[in-house]
Amino acid sequence: MPAPILSAPSLPAPIVPTSWSASWTIFRIALEERLTYRGDFALGTLMRFLPIVTQIFLWHAVFTAVSTPVTGIAKTVAGYTYEEMVAYYLLTMLGRAFSSMPGLSSGIARLIRTGEIKKFLIQPVDLLWFTFLSRVAHKTAYYSVAAGPFALVFFLCRGYFPPLPSAATLLLFTLTLLLGFLLGYFMEVSLGLIGFWWLEISSLIFVYTLLNFFLSGHMFPLDMLGPEWQWLVQFIPLQYLAYFPAAVFLGKITGAALAWGIACELIWIVALVGLSRWLFHRGVIRYSGFGG
Amino acid sequence: MRSCSIVVAEPASAHRNLFRYCPMSTIEITGLRKSFRAYQKQEGLRAAIRGLWRRNYREVEAVRGIDLTVEQGEFVAFLGPNGAGKTTTLKLLSGVVHPTSGTARVLGHVPWLRENDYRRRFALVMGQKNQLWWDLPAQESFRLHQQIYRIPPDEFLRTRDELTRLLQVENLLSQPVRELSLGERMKMELIAALLHSPDVLFLDEPTIGLDVVAQHNIQQFLKQYQQQRNVTVLLTSHYMKDVAALCQRVVIIAQGQIKYDGSLSGIIDKFSQTKVVSLTFAEGRMPERLVEFGVVLACEPPKARLRIPRNKVTQTLSTLLSQGGVEDVGVEDAPLDEVIADMFAQVHDNKSPTD
């Protein structure tokens, strides 16, 4: 028999179907693990509220600096009143509570670097679904602790908010938060999977965090940016992580623009699901080619 | 048997159909090779800077053409020096890496296709890698395994209880894994790996770093478990005691090739160049220049131990006996550890006895 020669297999690694009961167990165990270090977890969650105070003071200083002599405080900055600006900032905090994924990319890259990823090649469990469920558990634990402080902050700052929007807007706002979670998850997973090629991706995460900081609308409302930046903001998906949900709540995006925004976000999510699957597939082929 | 060997580049469906009806051994490996590029960095800052834009790679041939057949219920040890290709072979068979060329089938599956049917039928335990959730009690990890391996609840409980009883860890199930000792953790790793009753078990140095008692416990457990379940086990270990206690068959791998495949005692016959002769002399009759007869391992008059080339044992003994004064004599094989260490050293110097 001639010696069979083999090149890198191009066959797709099968995606492991995970039953609902298995998914529930993964979620439950990840949640339990998350709650193990109670002190660190509670402190970490609560300390995230500290920047709110500094940010409110910062915007107060900005508005005062450009104040009119009559009122003592500027009416608007780039179309935002001081109250709107604070409300916007608080809403982006809420948006980011859904879309930010602390430690996700670096965690995946570490799995690859340390070889722990082998577990997911050997056991009948899908890495991407497993990390997704773990992240849902992670967020659930976070919300359970952060819900109280969030409610308190929103209550204390209720004066900054416009009257509560319609139920339909609130529903769409909730949808944008959930889509923001999916988008943030698949973006960071794709970033983490680059670890198959680079091993160390901390500089990549730094660049991503920097772009995220400015172009998600976390620092300031994106409609403050001039038209020369608008094309970039519209071209990349970062706006959906913070600006978009806040703008929907504040009624700055409505009607056709809102429908178009959600459609674009959905397209981005589908594309990123595809990208993360492809990266994982190619990454595993590369990994298994390199001796594991 | 050879008639159902296939080229791995064929579609997966073709493999499955072929394998379904072929009688076969549990593990069949033919001409398996694995090489990969390894980055070569010279020492020093200058080399590190040069490495920023130009890197040198070396082709590492981890496995260089292995042929091996293992039948169901065999307990096979892979022995070899560090870097011999043992772990790479286990990684190939568990589908973590794919080969450069060659074929392998385990339970009728091509491992690196990573079919789910195959993943549910084998387990890999690596002594230095942790698959349990570090901050949670082991029983939570076991529950997770029950779900992902789809083990029926009653079967899961039965297997878990049996394994925890055999390994005497019943009272540790609810303790976080991070608080267990290394030996206890290894036991939990084994339980996690065995819950789904795999047909094939790959053990990569399962007793590494354990104390003598823990090593012995795990050996006893593995022995009993393998005999009861008749599973096929491939084990790599640096501890000769593991191998002697567990494996009927030993495969020695060095430089990516099989150098020996047979029984443990056969290693001595094949590779041992010397024997150890123990002598007791009558008082004052010990020869002054024992070194003339062989390498002196110990000399405490009136006793002495000499290492003598195998082909000179008879001649040396008759010389000594003819000189008179020998009260007692014993001839033993050289210790297995030494034989294997010598053999590894020879292989390292490219002077393998089989080359």
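At a glance:
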| quantity | calculated |
| --- | --- |
| Any strands (runs of 3 or more DSSP E) falling wholly within the range B:250-355 and containing at least 3 residues that are over 15 Å from B:Ala84 (Cβ atoms) | B:274-281, B:295-300, B:303-309, B:326-333 |
| B:Val110 vs. criteria more than 8 Å from chain A (Cβ to nearest Cβ), of a type in the set (Val, Ile, Thr), surrounded by 21 or more Cβ atoms within 10 Å (Cβ to Cβ) and within 24 Å of B:Gln224 (Cα to Cα) | no |
| Helices (runs of 4 or more DSSP H) fully within the range A:42-120 counting 1 or more residues that are out of contact with any Gly (no Cβ under 9 Å at 6 or more places or on another chain), among the hydrophobic types (A, V, I, L, M, F, W, C) and at pLDDT 85 or above | A:50-65, A:82-99 |
| Residue list for the range A:170-222, restricted to those being surrounded by 14 or more Cβ atoms within 10 Å (Cβ to Cβ) and of a type in the set (Ser, Thr, Tyr) | A:Thr174, A:Thr176, A:Tyr185, A:Ser190, A:Tyr208, A:Ser216 |
| Unique match (being among the small types (Gly, Ala, Ser), over 27 Å from A:Asp126 (Cα atoms) and at pLDDT below 80) among B:Ser13, B:Ser3, B:Ser35, B:Ser25 | B:Ser3 |
| Residues (farther than 16 Å from B:Met343 by Cα and assigned to a loop (DSSP other than H, G, I, E, B)) located in the range B:65-84 | B:Glu71, B:Gln72, B:Gly73, B:Glu74 |
| The lone exception for A:Ile26 - which of (1) at pLDDT below 85; (2) surrounded by 16 or more Cβ atoms within 10 Å (Cβ to Cβ); (3) within 16 Å of A:Thr131 (Cα to Cα); (4) among the β-branched types (Val, Ile, Thr) it fails | (1) |
| Yes/no for A:Pro17 being facing chain B (nearest Cβ under 9 Å), surrounded by 14 or more Cβ atoms within 10 Å (Cβ to Cβ) and at pLDDT below 80 | no |
| Subset of the range A:121-163 that is among the β-branched types (Val, Ile, Thr) and part of a helix (DSSP H, G or I) - its residue that is modelled with the lowest pLDDT | A:Val145 |
| Single unsatisfied condition, B:Gln273 versus (1) of a type outside the set (Phe, Trp, Tyr); (2) touching a Ser or Thr at 6+ places or on another chain (Cβ under 6 Å); (3) at pLDDT below 85 | (2) |
| Test: residue in the range B:163-174 that is out of contact with any strand residue (DSSP E or B) (no Cβ under 8 Å at 6 or more places or on another chain) and within 12 Å of chain A (Cβ to nearest Cβ) | no |
| Qualifying helices (runs of 4 or more DSSP H) (wholly inside the range A:164-276; at least 1 residues being aliphatic (A, V, I, L, M) and either free of Cβ contacts under 8 Å to residues at least 40 places away in the same chain or over 23 Å from A:Ile117 (Cβ atoms) (or both)) | A:167-193, A:202-215, A:227-235, A:243-249 |
| Unmet criterion (only one of (1) more than 14 Å from every other protein chain (Cβ to nearest Cβ); (2) touching a helix residue (DSSP H, G or I) at 6+ places or on another chain (Cβ under 7 Å); (3) outside any loop (DSSP other than H, G, I, E, B)) for B:Ala104 | (1) |
| From B:Val106, B:Val125, B:Val60, residue being touching a strand residue (DSSP E or B) at 6+ places or on another chain (Cβ under 6 Å), among the β-branched types (Val, Ile, Thr) and modelled with pLDDT under 85 | B:Val60 |
| Search result, residues across the range B:60-95 that are among the hydrophobic types (A, V, I, L, M, F, W, C), away from chain A (no Cβ under 14 Å) and within 20 Å of B:Gly108 (Cα to Cα) | B:Leu68, B:Val70, B:Phe75, B:Val76 |
| Hits in the range B:232-249 (condition: assigned to a strand (DSSP E or B), out of contact with any Ser or Thr (no Cβ under 6 Å at 6 or more places or on another chain) and of a type in the set (Ser, Thr, Tyr)) | B:Thr236 |
| Breaking point among (1) surrounded by fewer than 20 Cβ atoms within 10 Å (Cβ to Cβ); (2) in contact (Cβ under 8 Å) with a residue 60 or more places away in the chain; (3) more than 21 Å from B:Glu189 (Cβ to Cβ), for A:Pro102 | (2) |
| Qualifying residues in the range B:26-51 (those that are away from chain A (no Cβ under 14 Å) and part of a strand (DSSP E or B)) - the one farthest from B:Trp112 (Cα to Cα) | B:Gln40 |
| Within the range B:153-177, tally of residues that are touching a helix residue (DSSP H, G or I) at 6+ places or on another chain (Cβ under 7 Å), part of a loop (DSSP other than H, G, I, E, B) and surrounded by 12 or more Cβ atoms within 10 Å (Cβ to Cβ) | 3 |
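Here's the yes/no breakdown for (1) at pLDDT below 90; (2) within 14 Å of another protein chain (Cβ to nearest Cβ); (3) over 17 Å from the mean Cα position of the chain (by Cα):
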{"residue": "A:Leu211", "(1), (2), (3)": "no, no, no"}
{"residue": "A:Leu225", "(1), (2), (3)": "yes, no, yes"}
{"residue": "A:Pro245", "(1), (2), (3)": "no, no, no"}
{"residue": "A:Ala259", "(1), (2), (3)": "no, no, yes"}
{"residue": "A:Glu265", "(1), (2), (3)": "no, no, no"}
{"residue": "A:Leu275", "(1), (2), (3)": "no, no, no"}
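Table: residues versus (1) surrounded by fewer than 18 Cβ atoms within 10 Å (Cβ to Cβ); (2) of a type in the set (Phe, Trp, Tyr); (3) facing chain A (nearest Cβ under 8 Å); (4) in contact (Cβ under 8 Å) with a residue 40 or more places away in the chain.
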| site | (1), (2), (3), (4) |
| --- | --- |
| B:Glu115 | no, no, yes, yes |
| B:Arg119 | no, no, yes, no |
| B:Val125 | no, no, no, yes |
| B:Gln131 | no, no, yes, yes |
| B:Trp134 | yes, yes, no, yes |
| B:Ala138 | no, no, no, yes |
| B:Phe142 | no, yes, no, yes |
| B:Ile148 | no, no, yes, no |
| B:Ile151 | no, no, no, yes |
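The values are calculated or read from the model by the stated rules, or taken from the named source; none is laboratory data. Just so we're clear, the structure is a prediction, and the values are computed from it rather than from any experiment. Counting neighbours? That spans all protein chains shown, and the Cβs are built from the backbone with ideal geometry, glycine included.
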